[in-house]
Amino acid sequence: MKYLRLFSALLVILMLAGTLVACGPSGPEPTEEPTEEPTEEPTEEPTEEPAEEFVPMSYSAPDCDYGGEFQTIEAVDEYTIQFTLCYPDPAFPSKIAFSAFPINDTAYLEETGGGGDVVDHPIGTGPYMLSSWNRGSELVMTRFEDYWGEAPAADTLIFRWNSEAAARLVELQAGTVDGIDNPGSDDFDVIEGDPNLALYERPGTNIFYLGMNNTFPPFDNERVRQAFAMAIDKQRIVDNFYPRGSIVADQFMPPSIFGYTPEVEWWEYNPELAQQILEEEGVLPGFQTTISYRDVVRGYLPEPGVVAQDIQAQLAAIGVEAEIVVMESGSFLDAADAGQIDGFHLLGWGADYPDATNFLDFHFGRGASDQFGAGFEDIWAALDAGATLADPDDRYPHYIEANELIREHVPMIPIAHGGSGTAFRADVEGAHSSPLSNEYFGVMNPGDREQLVWMQNAEPIGLYCPDETDGESLRACEQMHESLLAYEIGGAAVVSGLATECTASDDLTVWTCTLREGVKFHNGADLDANDAVLSYVVQWDAAHELHVGRDGNFTYFNALFGNFLNAPE
């Protein structure tokens, strides 16, 4: 199915001709008969070119049997977009506020073919626009003068990166950067004791886990996965390697997010029983495997190298030999997403919005990636039921069931909810941390400096965030792109964004969003409802010619909205 293209009306330019009047030189009065003064032909005032007619775009699935959430996405008029869903979704506003669903300019998407420059040279509507991206060094953004909202305080915003927490702190203390992400676990007290610095702590709205893929033996044996769940001393890891505010994870959900169910308790630490089960299942003696990770500090994993070594030692204590494999960040995420890691892997997740669907549906629902291997239909059914009910009291029992099934099947081992934070020079006004790790730099004023320099844990992988999942890319996108709705600065409540409002039908299956008028993209194009429609359609339809991106996974869309239209077999 192809999307509707807009055709420009052919403008007719009327060329108006006038009469040229020539005058001779002055002299004696002429003897010839006086000539009649020529009369000028009347001329018409130039007319304004007619405005290009808006032709609304509409895109529909033949039916809802394809398994996804959307039935129709359409422009009702120039500033109204409507989503008709296949089933109710009470979390829909939180989802469309997320930075993985920004609105792009139609012409630019078409010009780039949905990939290439759209990944490296984004055109958004945000307060900052890309100036340059020196890969391996820094990302430079400048103020967008035609921004529809409040202009950012700093003329220039620069992102730099360093994987070492100690090195980031040194840069902050030296004044070469204005803010850093994720200070090390030993640095909180240092920052608080320095009058030139300020610490902003984040709550642990995240999860660090030890992942396994059940398509590779012996992880295809559920009893083996349960044994490994008993083999890891999570309290030891949190006590030794995590900053204050961190807690042991007893399920995939952090306690502060709806969907956490204290009724469900994880497997108790019991290395002796774990070893016995592995021997009974023929895994021991002699099992060798790997522990793969990326050397990037995150709020959920403040010291990846030493945590990997500690898990390696804990496995060795029950007779499992595990080799540590450090991978480049982008390659690691792509391999995990594609289900290509055949040993253990260290990964985690931070809240994108405060609902169980963000944690559980993304990782264990019908649209989840192949990270943990084959999905579980009983978990799917529980999550489907919980996601489509509006009343939290009605939803809650389904999450008890889902968390019990995750404990039984053990697709991964939850280890910690990590406390984290940001740190800034004390004179930066508006500095903050966000529970969603989406700090908004447009409100930060670096005093008498014209630029604000931020140092995070790693370089962005790409800047077309519909096709990215790492926080470093998403945070950069959030300064240049905007979604239909947004999250409050430093919080998780949903507020207006490019849409002034999004209203729902009584059954939560039809959502209508009214766009702001007068919004411009960085290339000067005007925002309209067709831009919003196409921005969603190119993610939704896997057969669309613009469904390209950086690697074409569009992981968030598939996980949060159920399935692609025309998904590959």
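Key figures for this structure:
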| quantity | calculated |
| --- | --- |
| Antiparallel content of DSSP bridges confined to the chain, in %, to 5 | 75 percent |
| Protection proxy ranking of 417-426, 273-282, 133-142 - average other beta-carbon atoms within 10 Å, highest first | 417-426, 273-282, 133-142 |
| Separation in nanometres of the label points that stand 7 Å from Cα toward Cβ, at His121 and Ser496 | 3.4 nm |
| Apportionment of accessible area to carbon and sulfur, the chain, percent (1.4 Å) | 48 percent |
| Separation in nanometres of the label points that stand 7 Å from Cα toward Cβ, at Ala151 and Arg223 | 7.0 nm |
| With DNA, RNA and ligands ignored, accessible area of Ser163 (1.4 Å probe; Å², nearest 10) | 40 Å² |
| Projected label distance in nm at Phe216 and Glu110, using a 7 Å step from Cα toward the beta-carbon | 4.5 nm |
| 222 nm mean residue ellipticity, helices alone, for the chain (DSSP H n ≥ 4; -39,500 (n - 2.57); rounded to 500) | -7000 deg cm²/dmol |
| Accessible surface, the chain, averaged per residue in Å² (probe 1.4 Å) | 43 Å² |
| Difference of contour (0.36 nm per residue) and Cα-Cα distance, Glu279 to Glu408 | 44.4 nm |
| Segment Ser331-Ala426, length gained on full extension (0.36 nm per residue, minus Cα span) | 30.5 nm |
| Highest to lowest packing among 192-198, 124-130, scored as the average C-beta count within 10 Å | 124-130, 192-198 |
| Estimated FRET transfer efficiency (Glu569, Val170; beta-carbon r; R0 51 Å; 0.05) | 0.45 |
| Linear extension gain, Ile400 paired with Glu53, 0.36 nm per residue minus alpha-carbon span | 119.7 nm |
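The values are calculated or read from the model by the stated rules, or taken from the named source; none is laboratory data. Predicted model, so just to flag it, every value in this text is computed and none were measured. Methodologically, a virtual Cβ is constructed for each residue, glycine included, from the backbone with ideal geometry; neighbour enumeration extends over all protein chains shown. We work out accessible area using only protein heavy atoms, side chains counted, and drop any ligands, DNA or RNA first. Shrake-Rupley method; radii C 1.70, N 1.55, O 1.52, S 1.80 Å.
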